[in-house]
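Values in this text are rule-based calculations from the coordinates and carry no lab data. A quick note: this is a predicted structure, and the numbers were derived from the prediction, not measured. Glycine also receives a Cβ, built like all others from the backbone with ideal geometry; neighbour counts cover every protein chain displayed.
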Ligand code: ARG
Ligand code: ZN
């Protein structure tokens, strides 16, 4: 049964206070909840009390101290209903759980030797009966009692206010969270954990204790996360004037986690992947991801926790905004241009395909079966793009003021996307009604730009048509309000001042044109010659831009555009064209030469920024190439792209060798921008060199693997070795396994590089990886590093024309569904994109979807994904 946004009704009861008592055990865990409830004003006095509850054993129920008998209430698989209750009362609920059997990793479960929780979105109802919805905010006190030896550390939200010993070698700790919160922000952890402590002084001079808890084996790998947290706290004070609001901030790292991390009030729980980082075990990209996710969860303390969502349709209210704040933080800590390029790459590889699939949904969905299926690229990263557009339209100052005003106005409340939009409109003094369509209409808009130059009048006209393809339930779209940042580049490479007809002379060389109609024209005056337009600078809107550049224009922009993003984009478009011509069997002599010259130009540029260069010289991803085609053949795309890579490798071999030795940082590993950029560019060069076929280059790869003192270089080499199948490559893979088999996050990398191998036998290798003794369907990180990496990161192998890749995926989804439906549903998403492939592939993909859909006792999670996937748009 689908939940609909239009069915929203406010809660009938408020929970003024909840006192929880957990008695944790190996066989079972008992939970006692005491709630003070009262009927919400304006509700019908006959409304029954409904509490959500799932997979629980109810042991006892007391209303104002009176035990309720079996016929005083109604118990179903979804919860508990009490027909008649007073206006104010106390309810005590006793439940029994078996966290050790909770393989879904939602609610209270075990990871390694510890107990931990994940309550967002609807996990709290797997702990106790409760109005488990984000618009019910309550004050929580939590007592945890457990064996002292096994679980010396007992944590929950807020401040530890009391502790003591109890019988049988047990002990307890009581926690009090002063901030009212919805149940999805509740957290509990118990274990034998190492703690890394530090302290942070806020701008106003308060001291906050910082504590990172990890398993003892991971001690010494939290330094980077700790420093990242302090940087995030400082940044939020400086940028938004937001100071942390408790005396302690705790982060716990767990090895079994469905998502990345969780912003529970005062007690974040993280996937180990986003906390642990040491040079030997984590790549530069891992270090960056830790900083970003630490920032993300910290920023939620305001955007999400202090002001939360009225219902789950509003998810992007907290996630889009928080991802945007995380992006701003990463831009401030590193290179804004490189960050932007990486954001757009991710948007195009993860969100655009979603928006073009049967799973397409608006940033604010209007119906769902299983909310966990809506923690999507659309809600998160398209949501962040929508926030970025407010920023572009309002300007930085008004944007920040708007966010602050929103947080002040709605502090302590559960609100809607509309509330945010209204506040921003008011602060910016702008009508954002049409802009609101970004939340309600799904699909990626396409901009078709045509131009004309009137030499006599010196007048240049840009004509822009916007359209958006149909998506499920939305056959026709209204025009969006789109900020289109652009500039004009003169034939000499200079940025031209932009003067729109009817406007006075100006000096600006970038402008934001606002599109609001399906067709609009913009006339620029005072131009001596036909300019080259630079469109969608900084990727100012999540759209597909279509303008008929010549190859020469693209090469020209790659060299001359003043906007770093637009330069990168021009280079990518040129590479896309060359590769797609190969896919179509078109082989133009001059093509390779164009690319070679363009690439050489990037490297010879006097002000070369190594990390920007690495972005510019990386070939477009296979998934992005596939999107350019009506129906893609991933095997042909792989072959064409690898062909171009090999030719560029050969044509520029000497250059790559020079780049490799010049940029590879000397001396021991350091986490500094120049060293990171150097590794990135050197490893990119190594990637090309691996394709020259020269023995000296193969040896270079082997040498790097064996000599590396850090995971970035080691893994870069290993992933190239995983594309080969000679003895040296096998030896390196064996060596890596031997060395790291006891470090799960690193072992994940070993699985991942093989699952993503470009070797023609990759599919068979994945089959054997799935039978490897270290493979474990219970661990989401391991599942993602084999099944996810294969189905999303290795299109040519996954889409093998035999259909074996699809079958293997479907088999594992069915198995995984019995353990962890949430992760199983994620793994099914690659199959939902079947329309994008040729007919024979479509057939097999649909057959596999059908096979999954017909399996008995399928979870709602997987059922929703596969059934929607099979519907026609
Ligand atoms: N709110 C978390 C974040 O920072 C995501 C948690 C989602 N978990 C889930 N099981 N749906 O993005
Ligand atoms: Zn989030």
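Below is a table of values for the structure above.
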quantity	calculated
Between segment 45-65 and segment 733-769, the Cα center-to-center distance that results, in Å	49 Å
Spin-label model distance (nm) - residue 456 vs residue 550, 7 Å beyond Cα toward Cβ	2.4 nm
Percentage relative contact order, the chain, counting C-alpha pairs under 8 Å, at least six apart	8 percent
Relative contact order [Cα under 8 Å, 6+ residues apart], segment 348-419, whole percent	25 percent
Cα shape, segment 291-370, gyration tensor, a/c 1.5 rule	oblate
Protection proxy ranking, peptides 189-197, 683-691, average beta carbon neighbours within 10 Å, highest first	683-691, 189-197
Förster radius 35 Å - calculated FRET efficiency between residue 695 and residue 635, Cβ distance, rounded to 0.05	0.80
Shape of the chain, Cα gyration tensor, a/c cut at 1.5	prolate
Value at 222 nm in deg cm²/dmol, rounded to 500, when DSSP H runs of n ≥ 4 in the chain each add -39,500 (n - 2.57)	-11500 deg cm²/dmol
Segments 793-801, 823-831 sorted - mean Cβ within 10 Å per residue, highest first	823-831, 793-801
Overall form of segment 627-714 per C-alpha gyration tensor (a/c, 1.5; a/b vs b/c)	prolate
Inter-probe distance in nm under a simple model that places probes 7 Å from Cα toward Cβ, at residue 778 and residue 843	4.2 nm
Between 0 and 90°, nearest 10: helix 383-394 axis offset from the chain longest Cα axis	70 degrees
Crossing angle, helix 396-409 versus the chain [Cα axis fit, 0-90 degrees, rounded to tens]	10 degrees
Cα-derived Rg to Rh of segment 687-735, Kirkwood definition	0.92
Potential lengthening between residue 147 and residue 332 on full extension [0.36 nm per residue; Cα-Cα distance subtracted]	62.1 nm
Projected label distance in nm at residue 872 and residue 600, using a 7 Å step from Cα toward the beta-carbon	5.4 nm
Most to least packed among 224-233, 67-76, 98-107, 453-462 [average Cβ atoms within 10 Å]	224-233, 98-107, 453-462, 67-76
Part-to-part distance (alpha-carbon centres) for segment 683-730 and segment 136-159, which is given in Å	48 Å
Quarter of the Cα convex hull surface for segment 402-448, i.e. its orientation-mean projected area (nm²)	4.2 nm²
0 to 90° range, to nearest 10: angle between helix 711-721 axis and the chain longest Cα axis	60 degrees
D (Stokes-Einstein, µm²/s), Kirkwood Cα radius, segment 646-790, 1.567 mPa s at 4 °C	81 µm²/s
Span from the segment 351-428 Cα centroid across to the segment 170-222 one, whole angstrom	29 Å
